[in-house]
Amino acid sequence: MDCADAEYVAGKLGHSFADRGLFRTALTHRSFGVPNNERLEFLGDGILDFVIADALYRRFPDLPEGDLSRLRANLVRQDTLHQLALTLSIGDFLRLGEGELKSGGAQRPSILADALEALFGAVYLDAGFLAAQAVIERLYAPLLEGLKPGQFQKDAKTRLQEWLQGRKRALPRYHVIEASGAAHEQRFEVACEIENPSLKTVGHGSSRRIAEQVVAEMALKELNA
């Protein structure tokens, strides 16, 4: 990775690294070798959680803990990090092993999300907490500004459960129909079955958890149609 690469990503990130080694390690997947970004990702994950919690606490002084927790979970989840990583073009500069390169690792959401968290950790080690906080708040500013009280959304499985419980009906049953693909890129086909009214939805996701959320959302749309 040359200096031009570093300046491009650092410029989009809003931080110029004094220690280029930290920047390089943050963009090095374990498939490439050692050192890699796993420890930095661990550090960045903790910093991100705190910064987002602090931002939400200050932005919404009257919001209860449960709503704050749901908002934070949505903001720090893999899908959100993946989208932010795409805006930084992180995939163009990742250092990946040959196998990951051939299998499309540079576009894989989990790898991109982890690399972004590793960059947060790297900024912290390079320049301290305030620098990491500034980077995170700058990246998240459009998302934070778009949040409005009263628009907090529980996840689909929770909403489906509450819909059924509110009508004194049996809870849904989820089961995996099929899991396919290699271990690092599995695809799950999952069904959600409801007794009353009789309803079955089937959907797919890159993990069982994601697929269950997909079919729960489908069921809610059917029930509310």
Taking interchain pairs and intrachain pairs at least six residues apart, which have beta carbon atoms under 6 angstrom, with the first residue in the stretch 198-215 and over 13 Å from Arg187 (Cα atoms) and free of Cβ contacts under 8 Å to residues at least 60 places away in the same chain and the second among the hydroxyl-bearing types (Ser, Thr, Tyr) and part of a strand (DSSP E or B)? Val215/Thr201
Given the criterion hydrophobic (A, V, I, L, M, F, W, C), in contact with a helix residue (DSSP H, G or I) (Cβ under 8 Å, 6 or more places away or on another chain) and within 17 Å of Phe50 (Cα to Cα), identify the matching residue among Leu116, Leu160, Leu88, Leu84. Leu116
Tell me, please, whether a residue that is open to solvent by 40 Å² or more (accessible area, probe 1.4 Å), at pLDDT below 90 and among the small types (Gly, Ala, Ser) can be found in the stretch 204-219. yes
Conditions (1) open to solvent by 10 Å² or more (accessible area, probe 1.4 Å); (2) in contact (Cβ under 8 Å) with a residue 60 or more places away in the chain: number failed by Glu65: (2)
Here is a check on your reading of the model: is Ala73 surrounded by 18 or more Cβ atoms within 10 Å (Cβ to Cβ), under 14 Å from the mean Cα position of the chain (by Cα) and among the small types (Gly, Ala, Ser)? no
Of the residues Arg24, Arg59, Arg39, Arg30, only one is open to solvent by 40 Å² or more (accessible area, probe 1.4 Å), within 13 Å of Tyr140 (Cβ to Cβ), of a type outside the set (S, T, N, Q) and modelled with pLDDT of 90 or more; which? Arg59
Find all pairs meeting these conditions: Cβ atoms under 6 angstrom apart; at least six residues apart or on different chains; first residue within the stretch 100-119 and without any contact (Cβ under 8 Å) to a residue 24 or more places away in the chain; second residue surrounded by 15 or more Cβ atoms within 10 Å (Cβ to Cβ) and among the small types (Gly, Ala, Ser). Ala106/Gly91; Gln107/Gly91
Every residue from the stretch 76-97 that is open to solvent by less than 60 Å² (accessible area, probe 1.4 Å) and either over 22 Å from Ala10 (Cβ atoms) or without any contact (Cβ under 8 Å) to a residue 24 or more places away in the chain (or both): Val76, Gly91, Gly97
In the stretch 181-192, what count of residues is obtained for those that are open to solvent by 50 Å² or more (accessible area, probe 1.4 Å) and assigned to a strand (DSSP E or B)? 1
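The values are calculated or read from the model by the stated rules, or taken from the named source; none is laboratory data. Computed from a predicted model, the values in this text were never measured in an experiment. When we count neighbours, we look across all protein chains shown, and the Cβ atoms used for this are built from the backbone with ideal geometry, even at glycine. The accessibility values were calculated without ligands, DNA or RNA, using every heavy atom of the protein model including side chains. Shrake-Rupley method; radii C 1.70, N 1.55, O 1.52, S 1.80 Å.
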